[in-house]
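Student: There's a structure below that I have some questions on.
The values are calculated or read from the model by the stated rules, or taken from the named source; none is laboratory data. Everything quoted here is computed from the prediction, not taken from an experiment. Counting neighbours? That spans all protein chains shown, and the Cβs are built from the backbone with ideal geometry, glycine included. All accessible areas refer to the heavy atoms of the entire protein, side chains included, with ligands and DNA or RNA removed. Shrake-Rupley method; radii C 1.70, N 1.55, O 1.52, S 1.80 Å.
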Amino acid sequence: MKSKIRFSSIVGFIVLLLLILPLAMVVVTSFGTEATISFPIKGFTFEWYHNLFQQPDFVDGMKMSFIVAIIASCLALLVGIPAVYALTRFQIHRRNWFQNIFLSPALIPEIVIGFALYQTLVISFGLPLFISLLIGHFLLCLPYVIRLLTAGMLDLDKSIEEAAWMVGYNKVITFFKIVIPNIKQSIMAAFILSFINSFNNIPITLFMNGPSLNMLPTSILNYLENNYDPTVSAVSVILMIITAALMMIAEKYLGLNKLV
Amino acid sequence: MKKRAVLFLLPGLLLIFILLIYPVIRMFIPTFTGGQTIFSNYQSFFSSENNVQIIFRTLFIAVMTTLVTLGLGLPTAYWISRLSGRWRKIISIIVLFPILTNAVVRNFAWIMILGKNGVINNFLMKMHIISSPLTLLYTNLAIIIGAVYLFLPIMITSLVSSYTQLNSEIEEAAEVLGSRPIVVFFKIIIPQISVGIFTGSILVFVGALTAYTTPQLLGGNKNMVLATLLQQQSITLGDWTSASVIAIVLTVIAFITMIALNWVSKVIDRRNSHEIKN
């Protein structure tokens, strides 16, 4: 028993170090004075953070990624909440089939979704890039919403709703006054997870960004192809701060286990 | 079915059929109708030695990534599942943080470490262990390292939830009766967490199989995989039929592995619960 715990704690400790150190190194290099990234750093400067905000690709990309992530997550919730309610509360023939159709965006490789949407929506239907991109990110978010809300709905005792019906609430009012407030936490968790995944997405975004539509992750990817300076480290630090902030919100209001 | 159920499900179903399933089917059709025979596009795809090599490289990377994440994840998750209170929380945060951090950031960190003037080469040169930098970046190894870094937290998370449900009394009983730790691990623990192992493996394997960012940043132009080949054929070269063929090959491989691993997992799970009953 003891030897097993000792062995697993040594491996576990090394694994944790390996998980943290690369990201810590990125943070350190963002303050280096040399024009190419080097570790350990020689001097200390905030120049790269300043330079970061001079890059229109990064600044516009950040704004656009925020907008797309928020709209896509909201759309996924708007479509997902009634669907999950129906899937968990109504008698539905072949419920599993419907469940799988709603989860199908997670089963098809993201890069295939991106390519298929680009061909059909952008080229054949002639939809604007922004709308097509939103659709792609909406599809990306939907499975997270379905999964987290299904878990939330199954935890919610059905008799609470029935009690509300008995005291005379109609079904619509019950849905908004009883069901929604009770699964508020799951909705929040689904929103945060959708937001992060949309904000970080590359494979779908890759096909539907362009000179007029900059998204942050693909902008960084493009920048990395031609440059190797600490600006990339600086923008990485900003992204890590955003992730940390979202995790703190999730931890404070929901508990982190809601996210996985 | 009730009218209300239809009303609640219909918007989502319609959106998925029109915006996802229809575009995917529309992408696949020309790969069968465009050539002389139904399969001629596929014949020419598979007759290229380069393409076959790319398929094998993609599979190799996915298999290695799954095995390494399992090897590192099993002890780590065991350790985490035995912790409690504040430490467990702190460590869960450390594991979760990379999952939620952008893949570009995580791969970029490894460019810094593996590059010609990267951390490893600098260190080895300073210690006079090597005289010229090793080629670590833009190799299959670099892609595997990057993918392991990317997917290890997901494997750990799947395994921890399995370990947490573990019945430690069986384990202790086996130890009291004199089984060696290795035997206990393989005969008692592994069968009980097989669901977690398969869930984690499916997520990691399919993730590594279809990943785009990691091979793009760490593999370079020489070490292409199916996802980067798809990007090159469609965006760079504009050869949509070839890109569609690659898309269907990638999707089919992903589906086959998901179905196969799911099936194996169910068979093993049934056998285990059967054994415990007896």
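Student: What does the net charge come to around residue A:243 if you take all other residues with beta carbon closer than 13 Å to its beta carbon, with K and R at +1 and D and E at -1?
Tutor: On the way: positive: B:106; negative: A:251.
Around residue A:243, the charge tally is 0.
Student: If you don't mind, another one. Per-residue HN-Hα couplings for the range A:132-143, Karplus 6.51 cos²θ - 1.76 cosθ + 1.60 at θ = phi - 60°, whole Hz, x for Gly and Pro?
Tutor: The phi angles translate into 4, 4, 4, 4, x, 6, 4, 4, 4, 6, 3, x Hz.
Student: Using θ = phi - 60° and the Karplus relation 6.51 cos²θ - 1.76 cosθ + 1.60, list the HN-Hα couplings for the range B:185-190 in order, rounded to whole Hz, with x at every Gly or Pro.
Tutor: 4, 7, 8, 10, 6, 3
Student: Ok, one more. Please list A:74, A:141 from largest to smallest accessible area, probe radius 1.4 Å, with all protein chains kept in place. Before the final figure, lay out the partial values.
Tutor: Values: A:74 65, A:141 0 Å².
Descending order: A:74, A:141.
Student: How do A:225, A:161 rank by accessible surface area computed with a 1.4 Å probe, from largest to smallest? Don't skip to the end; give the middle numbers.
Tutor: Values: A:225 125, A:161 0 Å².
Largest accessible area first, the list is A:225, A:161.
Student: Describe numerically, in nm with one decimal, the distance between label points set 7 Å from Cα along Cα→Cβ at residue A:154 and at residue A:131.
Tutor: 3.8 nm
Student: Work out the length of the dipole vector of the range A:97-171 about its Cα centre, built from +1 on the beta-carbon of each Lys and Arg and -1 on the beta-carbon of each Asp and Glu, and round it to the nearest 20 debye. Each step should come with its number before you reach the end.
Tutor: Values: 3 positive and 5 negative charges, 37 e Å.
Computed about the Cα centre, the dipole is about 180 debye.
Student: Another question, then. Kindly report, to the nearest 10 Å², the accessible surface of residue B:273 as traced by a 1.4 Å probe over protein heavy atoms only.
Tutor: So the heavy atoms of residue B:273 present about 60 Å² to solvent.
Student: How high is the relative contact order of chain B, given as a whole-number percent (alpha carbon pairs under 8 Å, six or more residues apart)? Write down the numbers at each step before the final one.
Tutor: Numbers: 263 pairs, mean separation 67.9, N = 278.
So the answer I get is 24 percent.
Student: To the nearest 20 debye, what charge dipole does the range B:41-277 have about its Cα centre, counting +1 at the Cβ of each Lys and Arg and -1 at the Cβ of each Asp and Glu? Walk me through the numbers on the way to the answer.
Tutor: Values: 15 positive and 8 negative charges, 82 e Å.
For this selection, approximately 400 debye.
Student: While we're looking at this one, here's another question. Take the Cα of residue B:255, step 7 Å along the line toward its Cβ, and report every residue of the range B:18-51 whose backbone nitrogen sits under 11 Å from that point.
Tutor: B:25
Student: Can you give the FRET efficiency to the nearest 0.05 for residue A:66 and residue A:180, using r as the Cβ-Cβ distance and R₀ = 30 Å?
Tutor: On the way: r = 25 Å, r/R0 = 0.84.
That pair, residue A:66 with residue A:180, gives E of 0.75.
Student: With a 1.4 Å probe and all protein chains kept in place, how do A:212, B:179, B:201 rank by accessible area, largest first? Before the final figure, lay out each step's value.
Tutor: Numbers: A:212 105, B:179 45, B:201 10 Å².
The ranking, largest first, comes out as A:212, B:179, B:201.
Student: Hey, another quick one. To the nearest 0.05, what FRET efficiency results for residue A:225 and residue A:33 with a Förster distance of 25 Å applied to their C-beta separation? Walk me through the numbers before you get to the answer.
Tutor: Values: r = 24 Å, r/R0 = 0.95.
FRET efficiency, residue A:225 to residue A:33: 0.55.
Student: If you don't mind, there's one more thing I want to ask. Just to be sure I understand the interface: list residues from the range A:11-31 that lose 20 Å² or more of accessible area between the chain on its own and the complete protein assembly, 1.4 Å probe.
Tutor: The answer is A:11, A:12, A:15, A:16, A:18, A:19, A:20, A:22, A:23, A:25, A:26 - residues whose exposure falls by at least 20 Å² when every protein chain is included.
Student: 7 Å from Cα along Cα→Cβ at both residue B:270 and residue A:170: what's the point-to-point distance in nm?
Tutor: 4.9 nm
Student: With charges set only on the Cβ (+1 for Lys and Arg, -1 for Asp and Glu), what does the dipole of the range B:1-150 come to about its Cα centre, in debye to the nearest 20? Display every interim value, and only then the final one.
Tutor: Values: 12 positive and 1 negative charges, 170 e Å.
Computed about the Cα centre, the dipole is about 820 debye.
Student: Another question about this same structure. Please compute the net charge surrounding residue B:165, taking Lys and Arg as +1 and Asp and Glu as -1 over other residues with Cβ under 15 Å from its Cβ. Let's see the in-between values first.
Tutor: On the way: positive: B:82; negative: B:169, B:171, B:269.
Spelling it out: positives minus negatives among the neighbours equals -2.
Student: Using the beta-carbon distance between residue A:257 and residue B:14 and R0 = 30 Å, what value does 1/(1 + (r/R0)^6) give for FRET efficiency, to the nearest 0.05? Spell out each step's value before the answer.
Tutor: Details: r = 34 Å, r/R0 = 1.13.
Plugging the Cβ-Cβ distance into 1/(1 + (r/R0)^6) gives 0.30.
Student: Relative to the present Cα-Cα distance, how much length would full extension add between residue B:129 and residue B:88 at 0.36 nm per residue of separation?
Tutor: Working: separation 41, 0.36 × 41 = 14.76 nm, distance 3.90 nm.
Computed gain between residue B:129 and residue B:88 is 10.9 nm.
Student: Apply the Karplus curve 6.51 cos²θ - 1.76 cosθ + 1.60, θ = phi - 60°, to the phi angles in the range B:158-164 and return the couplings in whole Hz, x for Gly and Pro.
Tutor: 4, 6, 4, 5, 6, 4, 5
Student: Which distance in Å, rounded to a whole number, links the C-alpha centroids of the range A:1-80 and the range B:14-60?
Tutor: Rounded to whole Å, the Cα centres lie 35 Å apart.
Student: With point charges of +1 on the Cβ of Lys and Arg and -1 on the Cβ of Asp and Glu, referenced to the Cα centre of the range A:25-116, which listed residue (A:56, A:101, A:31) lies farthest in the positive direction of the dipole?
Tutor: Highest projection toward the positive end goes to A:101.
Student: Over chain B, give the accessible area per residue in Å² for a 1.4 Å probe, as an integer.
Tutor: Numbers: 13880 Å² over 278 residues.
Ligands and nucleic acids excluded, the result is 50 Å² per residue.
Student: Hey, another quick one. Calculated from DSSP H runs of 4 or more alone, at -39500 (n - 2.57) each and per residue, what is the 222 nm mean residue ellipticity of chain A, nearest 500? Walk me through the intermediate numbers first.
Tutor: Numbers: 11 runs with 180 residues, N = 260.
Using -39500 (n - 2.57) per qualifying helix, the result is -23000 deg cm²/dmol.
Student: With a/c under 1.5 counting as rounded, go ahead and sort the protein assembly as shown into rounded, prolate or oblate using the C-alpha gyration tensor (a ≥ b ≥ c being the square roots of the eigenvalues; past the cut-off, prolate if a/b is larger than b/c, else oblate).
Tutor: Rounded.
Student: Next question, about the same structure. Find the accessible area per residue for the range A:126-202; the probe is 1.4 Å, ligands and nucleic acids are left out, and the unit is Å².
Tutor: Ligands and nucleic acids excluded, the result is 44 Å² per residue.
Student: Enter the Cα centre distance for the pair the range B:193-208 and the range B:120-149, rounded to the nearest angstrom.
Tutor: Measuring centre to centre over Cα atoms gives 28 Å.
Student: Pop out the carbon and sulfur fraction of the accessible area of the protein assembly as shown as a percent, whole number, probe 1.4 Å.
Tutor: On the way: 16970 of 25580 Å².
Looking at the protein assembly as shown in its full context, I get 66 percent from C and S.
Student: Which shape class applies to the range A:54-258: rounded if a/c is under 1.5, otherwise prolate when a/b exceeds b/c and oblate if not, where a ≥ b ≥ c are the square roots of the Cα gyration tensor eigenvalues? Mind dumping the intermediate values first?
Tutor: Numbers: a/c = 2.74, a/b = 1.73, b/c = 1.58.
It comes out prolate by the Cα gyration axes.
Student: From the Cα gyration tensor of chain B, with a ≥ b ≥ c the square roots of its eigenvalues, which class applies: rounded if a/c is under 1.5, or else prolate if a/b is larger than b/c, or else oblate?
Tutor: Numbers: a/c = 1.93, a/b = 1.18, b/c = 1.63.
Since a/c reaches 1.5 but b/c is at least a/b, the shape of chain B is classed as oblate.
Student: Checking an interface number: how much accessible area is buried between B and A, summed over both chains, with a 1.4 Å probe, in Å² rounded to 100?
Tutor: Working: alone 17490 and 15220 Å², together 25580 Å².
So the buried area, both faces added, is about 7100 Å².
Student: For chain A, what is the relative contact order in percent, using Cα pairs closer than 8 Å and at least 6 residues apart in sequence? Walk me through the numbers before you get to the answer.
Tutor: Working: 276 pairs, mean separation 79.1, N = 260.
So the answer I get is 30 percent.
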